[in-house]
Ligand SMILES: Nc1ncnc2c1ncn2[C@@H]1O[C@H](COP(=O)(O)OP(=O)(O)OP(=O)(O)O)[C@@H](O)[C@H]1O
Ligand SMILES: [Mg+2]
């Protein structure tokens, strides 16, 4: 990892004001990405993956409040930016590809115009140059007949094509960081592979770092150099993908893997980890997984929970890790 990583999330906590009280959704999150690096972020539904991505973009709305820590991009503090500076960053430096591509595309504007808007705003292209570049981008994401499709509305395209338009949109200004939140969920398996190949190829060509948010452990293992595991708003373990999947040290990671039926692990539907992701409006122990952990000992209730380096690029937030097998 170079001295100044591209993205450095340091002890970042985030709360939401809710009718049930303060939801402490992210708790002292630490995550780093080097330029061009691909990192997976996995965790059960409700663990805070999307909230973290939206926090990086500054898109969380008035109920959210940063409650400690720092987020830096290239050493620059993101939390201190005003809305104008943040808007400049979005699309330019950091882009996001959403799971819900239909929501991300404007249904009543032609896809070429939507791409053109971004290119004119962030890359300063003329209307004509933006259209030419939009067609180029559509060709790059392998949309057949891009000149014609440039004038299509989203409803005239298939789901897989819309997904590709959204990826073209996200990568159009060569962002330094792409937040890909379940970018292929909902597509058929063949299209998933095609779209993932595209994301990875384009990211590599542009030197873009990718944070790949997914339920799919196999996808993270296959596509990412490193993987971070999140549980109830806490990162519990980060490690090189091969290490994480062959020698997990956190009981939660180990449980996720053990519960994974061979072939297509999908942690959205894990049957065997007792209890759900805990309610973050309630008082919680320093390690939020302690509530569900069969290895819990008295030491697990001592604050603060600090990470331990247990191998090269392998960080662990656990007082009673699983022994290396
Ligand atoms: N605007 C909001 N106000 C209050 N709570 C919120 C808000 N947005 C998200 N949350 C809560 O934050 C927690 C984390 O949600 P998030 O969407 O980040 O989970 P996730 O890990 O992305 O899940 P999934 O895998 O289902 O996409 C959830 O408990 C959710 O209810
Ligand atoms: Mg999500």
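Just so you know, all these numbers are worked out from the coordinates, no wet-lab data involved. None of these values were measured; they are calculated from a predicted model. Counting neighbours? That spans all protein chains shown, and the Cβs are built from the backbone with ideal geometry, glycine included.
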Mind checking the full-extension length gain between residue 4 and residue 127? Use 0.36 nm per residue of separation minus the Cα-Cα distance, one decimal, nm. 40.6 nm
Taking Cα atoms of the range 101-174, Rg/Rh with Kirkwood Rh, to two decimals? 0.92
Expressed in nanometres to one decimal, the distance between label points 7 Å along Cα→Cβ at residue 308 and residue 185 is 3.3
For the range 1-56, what class follows from the C-alpha gyration tensor (a ≥ b ≥ c being the square roots of its eigenvalues): rounded when a/c is under 1.5, otherwise prolate if a/b is larger than b/c, else oblate? prolate
Got a sec? Which residues in the range 79-108 would a label at residue 155 touch, if it sits 7 Å along Cα→Cβ and we count backbone N under 18 Å? 101-108
Quick one: which of 246-257, 224-235 comes out on top by average Cβ neighbours within 10 Å, and what's the full order, highest first? 224-235, 246-257
Starting from the alpha-carbon convex hull of the chain, give the projected area averaged over all orientations, in nm². 17.0
Estimated inter-spin distance, residue 281 and residue 148, nm [label 7 Å along Cα→Cβ]: 5.3
With just the Cα atoms defining each centre, how far is the range 203-231 from the range 70-108? Give it in Å. 19
What percent does the relative contact order of the chain come to when contacts are Cα pairs within less than 8 Å and at least six residues apart? 21
222 nm mean residue ellipticity, helices alone, for the chain (DSSP H n ≥ 4; -39,500 (n - 2.57); rounded to 500): -9000 deg cm²/dmol
Restricting to the chain, what percent of DSSP beta bridges are antiparallel, rounded to 5? 60
Tell me, in nm to one decimal, what length is gained between residue 18 and residue 324 on full extension, where the rule is 0.36 nm per residue of separation less the Cα-Cα distance? 106.0 nm
Apply 1/(1 + (r/R0)^6) to the Cβ-Cβ distance of residue 218 and residue 11, taking R0 = 30 Å, and write down the FRET efficiency to the nearest 0.05. 0.45
What spacing in nm lies between the two simple spin-label points modelled at residue 225 and residue 45, each 7 Å away from Cα in the Cβ direction? 3.3
